[in-house]
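Undergrad: Before I ask anything, here is the structure I am working with.
The values are calculated or read from the model by the stated rules, or taken from the named source; none is laboratory data. Owing to the predicted nature of the structure, the values given are computational and were not obtained by experimental measurement. Positions of Cβ are generated from backbone atoms using ideal geometry, with glycine treated the same way; all protein chains shown enter the neighbour counts.
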């Protein structure tokens, strides 16, 4: 599977996937350090988002290097270089593309960055909903402190980026693994706008990475220690409590995946067929 990071934030998250052998990582940025490095694409610095959009570069080397059909494209939409997204994605349109969109803290960016974020946030969703892209996953930086907990300034973004990489990694593992127990049902083909919820099984709570509006489907992926699966007679009741929801219009299902870890990684994949608006 291919991981492509665009811009500073996208490249930092993409770099973390090198820890896992399942991925081929590519980085695209205007950082001079990327010149002549393997699987790195250097884009000449431009003075504005409009110039980044108007000056596409040759991506034939990248296209030849892609190992498999599926791509995870990681980008934060507020940066100038994020304006390259659409022509990059157009070049890769023959692949199955999943967009991981990092929604910035709007209080920490200027008005031009907010406008760029608004434009990219909506345009990429529109293309995804129409089926041009496979999925659009939203990670809101405003929601991350509650999930990652207290940490030093130096480790703050590293903790957030590591969590994002961990979620995507475990999503791919679970999607390619048979659960030992599940209530899964067929998904809605139009529900392509997605977010995640990180589940703490012991506390029976789920914290969202983005407040998805008009959610119509939730799939839980529960990673549970093998011994607990075999011996805990109250596990099923606990999972049902975590997955419970009063909204009868939401299709809810879950799967249980054995792990040798003391505490497995669990999360929810939440989906909607509606475009999420920028507040």
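Undergrad: Which one is nearest to residue 271 (Cα to Cα), of the residues in the stretch 174-199 that are in contact (Cβ under 8 Å) with a residue 12 or more places away in the chain and either part of a helix (DSSP H, G or I) or out of contact with any strand residue (DSSP E or B) (no Cβ under 7 Å at 6 or more places or on another chain) (or both)?
TA: 190
Undergrad: Here's a follow-up. Name the residues in the stretch 150-168 that are outside any loop (DSSP other than H, G, I, E, B) and in contact with a helix residue (DSSP H, G or I) (Cβ under 7 Å, 6 or more places away or on another chain), would you?
TA: 159, 160, 161, 162, 163, 164, 165
Undergrad: Same structure again: Determine which member of the set 36, 61 is at positive phi and not assigned by TED's automatic domain parsing to the domain that holds residue 209. It would help to see each step written out before you state the result.
TA: Details: 61 fails: at positive phi.
Being at positive phi and not assigned by TED's automatic domain parsing to the domain that holds residue 209 holds for just one of 36, 61, which is 36.
Undergrad: If I go through the stretch 143-189 residue by residue, how many of them are loosely packed, with under 13 Cβ neighbours inside 10 Å and under 16 Å from residue 206 (Cα atoms)?
TA: The qualifying residues number 2.
Undergrad: Out of all the residues in the stretch 50-66, is one or more within 20 Å of the chain's Cα centre (by Cα) and within 20 Å of residue 172 (Cβ to Cβ)?
TA: In the first step, residues of the stretch 50-66 are kept if they are within 20 Å of the chain's Cα centre (by Cα); the result is 66.
When the remaining residues are screened for being within 20 Å of residue 172 (Cβ to Cβ), the result is 66.
Yes.
Undergrad: For the stretch 134-144, state whether one or more residues are more than 18 Å from residue 105 (Cα to Cα), free of Cβ contacts under 8 Å to residues at least 60 places away in the same chain and not assigned by TED's automatic domain parsing to the domain that holds residue 20.
TA: No, there is no match, as no residue in the stretch 134-144 is more than 18 Å from residue 105 (Cα to Cα), free of Cβ contacts under 8 Å to residues at least 60 places away in the same chain and not assigned by TED's automatic domain parsing to the domain that holds residue 20.
Undergrad: Among 220, 257, which is surrounded by 16 or more Cβ atoms within 10 Å (Cβ to Cβ), farther than 30 Å from residue 123 by Cα and modelled with pLDDT of 95 or more?
TA: Only one candidate passes the filter, namely 257.
Undergrad: Looking at 248, 238, which one is exposed (fewer than 11 other Cβ atoms within 10 Å of the Cβ) and free of Cβ contacts under 8 Å to residues at least 60 places away in the same chain? Before the answer, list the steps.
TA: Details: 238 fails: exposed (fewer than 11 other Cβ atoms within 10 Å of the Cβ).
Matching residue, one of 248, 238: 248.
Undergrad: Among the residues of the stretch 91-99, is any crowded, with 17+ Cβ neighbours inside 10 Å and modelled with pLDDT under 95?
TA: yes
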